[in-house]
Every structure is written in structure tokens, then in C-alpha cells.
Amino acid sequence: MKHTALFLFTVVFMFLSCKEKSNSTLTEVNERNITVRYDGTYRLSLAQWSLHKMLFEGELDNLQFAAKAKELGFEGVEYVNQFFKDKANDLVYLDKMKAAANVVGIQSLLIMVDGEGYLGDLDSIKRNEAIENHKKWVDAAQYLGCHSIRVNAHGEGTAKEVSKAAIDALTKLSIYAVSHNINVLVENHGGYSSNGEWLANVMEEVGLSNCGTLPDFGNFCLKRENGEMWGAPCIEEYDRYKGIAELMPYAKALSAKSYNFSADGIEVNIDFGRIISIAREAGYSGFVGVEYEGETLQEIEGIIATMDLLKRL
């Protein structure tokens, strides 16, 4: 019993020490990458998913992405791991990505990570595998000079069960990431994570300064037809403006998702002005990422329409 008690005390002490370390270590990186040069207007970044059709069809290469973003007038880029999925540990390739960004003078901000397992998986073995799978992207993000990786907190189970699992995984991954000066950001990205109150509570329970959110203007669908995660019509949606307000206190990035525009350039589904006001009131001063997902405009046209709307605001 004495040995067991000593072991438990040691584990708790190490965990609390890591939390204290994370709070102090991330202060510098957050100030450097998140809260820079805010004068009432936001700097704009381009989410790579905005060009996913061109990338998947081979019209654009991952190494050309930074130059394309600069050409369109952006100051930062947000990578998607799907477009260099097997290159996370390839330093030669990552050097090429760094060079591509540096030569045009654009800032690498984050990597959006998908397909590496569920961080909210109730199965502890699968959940720990997902944590390990994400670590290489923490390493890659640090190497590229990013401030964050974006992850998903998906899981199958009750809201309480998935929350508990996600808190466990995010805590472990964030403790690993803190030594790399990297933030771990959860996007409202389907399922329970699209419930702003649920995700804000997860952030509170993790309680680490380098674990935050990436509020997305559009991803607030809680349920789709036939239980599908994506693609099917949405049958239950969370109040997006309430959700944005709930997630902004933890935000270290912001995704301006857009779909369709009116003739005068206003997004017809989402009140961009209202969300930008919520962000300003919350004191957010980082980049705003353009992520066009519409079908009525070509990708470049949709990106420019979204960018122009944000500039007007």
C-alpha cells in the first residue's frame, strides 16, 4: 500500500508540474505568434482546404501553396496534413516547405491534422495510438515555424464519455506539445465538438495554456441525416453565434468559413460582421483564416470573395 500511495503521489506531482511548465513556457510563443500588431484590423491567412480541389486534381502542388497564398494577398498560411501526409518526418521535404514560405515572405501558422485517430475515442488503446500519431505533427509544426496544430475531439459515446476521453487525450498531447512551443487547438468540427458549451467545458477541464480552440464560422451542425458526420443534410444545428462566443475565450486562431455570396458580396448563410464583432469583444488579435467551401464559385473566386468581405468589415 505504501508503494502504491507513493506511486500515485509521484504521478499527480509530475502532472501538476507539467501544467505549471506549460503555462509559463507558452507565454512567449503565444505573444510572438498570436498577439502581434493588432490595430483594429485582422491579418488574413489562407486555409489550404480552400484549394483542396486544385490540390487533389494536381492543378496545384503543396510546395506551391505558399506562393499562391502570397499572390492572392495573404500574410499567413494554414496547412492541411492531407496534402503532405507521409512527409511529417521528412526533414528534406519540410525544408522545401519552409523555403517556399520564406522566399515569398509568408508566415506558416498551423497544421490542420486529420486522419490520425480519434482523440475522444473511448477505447484507451486506440486513444493513445491517436495521441502518438499526432505527436509527429507537433514536431513538424515546430520545424515549420508554426504556432499550433489543429486537432479533432471526435469520439463515439455519450457526451460525458467523449468529453472525459477528449480531456485525457488533449491533456497528454498538450503536455507533449508544450516542450515544442506548440499549441493544440480543437476546432468545432462535427459531433459534440460543434456544441460550443461542450467544447468550452473540455477546454476548462484541460486547463493548459497551450490547449485552445479554433472557432470555425460554419461548423455547428450537431446531427445529420442517417447519422452521417459529413455530406448529408443537417437536421440539428447549434446556434453559431452563441458557439463562437463560447469558444472565443480559448481561441488562438479563427476560421472564416464561407459558402455562398449575394450579388453585393455578402455571405448569405453567416453574418460575418456579427462574428467579427464577437471576436473583437473577446479581445482576439490573431489571424483570421479564409476557408471557402462553396460550390457556386470557383475556388479562387470564392477565396477572393471571402477576403474582400473580411476587408470590408
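Just a few scattered comments:
- Considered as a group, the residues in the range 194-210 that are in contact (Cβ under 8 Å) with a residue 60 or more places away in the chain and under 17 Å from the mean Cα position of the chain (by Cα) include one that is surrounded by the most Cβ atoms within 10 Å (Cβ to Cβ), and that residue is Asn210.
- The one condition in (1) in a helix (DSSP H, G or I); (2) more than 20 Å from Gly190 (Cβ to Cβ); (3) β-branched (Val, Ile, Thr) that Ile275 fails to fulfil: (2)
- Counted as qualifying within the range 200-246 are the strands (runs of 3 or more DSSP E) with 1 or more residues that are small (Gly, Ala, Ser) and within 30 Å of Tyr176 (Cβ to Cβ), namely 211-214.
- Subset of the range 273-299 (residues that are aliphatic (A, V, I, L, M) and open to solvent by 50 Å² or more (accessible area, probe 1.4 Å)): Ala282, Leu297
- Restricting the range 129-150 to residues that are outside any helix (DSSP H, G or I) and in contact with a Lys or Arg (Cβ under 8 Å, 6 or more places away or on another chain), the residue that is most open to solvent (accessible area, probe 1.4 Å): Gly145
- Some residue of the range 251-261 being farther than 20 Å from Ala47 by Cα, more than 15 Å from the chain's Cα centre (by Cα) and not charged (D, E, K, R): no
- In the set (1) among the hydrophobic types (A, V, I, L, M, F, W, C); (2) in a strand (DSSP E or B); (3) farther than 23 Å from Phe65 by Cα, Leu110 fails one condition alone, (3).
- Filter result (under 22 Å from the mean Cα position of the chain (by Cα) and surrounded by fewer than 16 Cβ atoms within 10 Å (Cβ to Cβ)) within the range 76-97: Lys85, Asp86, Asn89
The values are calculated or read from the model by the stated rules, or taken from the named source; none is laboratory data. Since the model is a prediction, treat every value here as computed from it, not as a measurement. Neighbour counts run over all protein chains shown; Cβ positions are idealised from the backbone, glycine included. Calculation scope for accessible area: heavy atoms of the full protein, side chains included, ligands and nucleic acids excluded. Shrake-Rupley method; radii C 1.70, N 1.55, O 1.52, S 1.80 Å.
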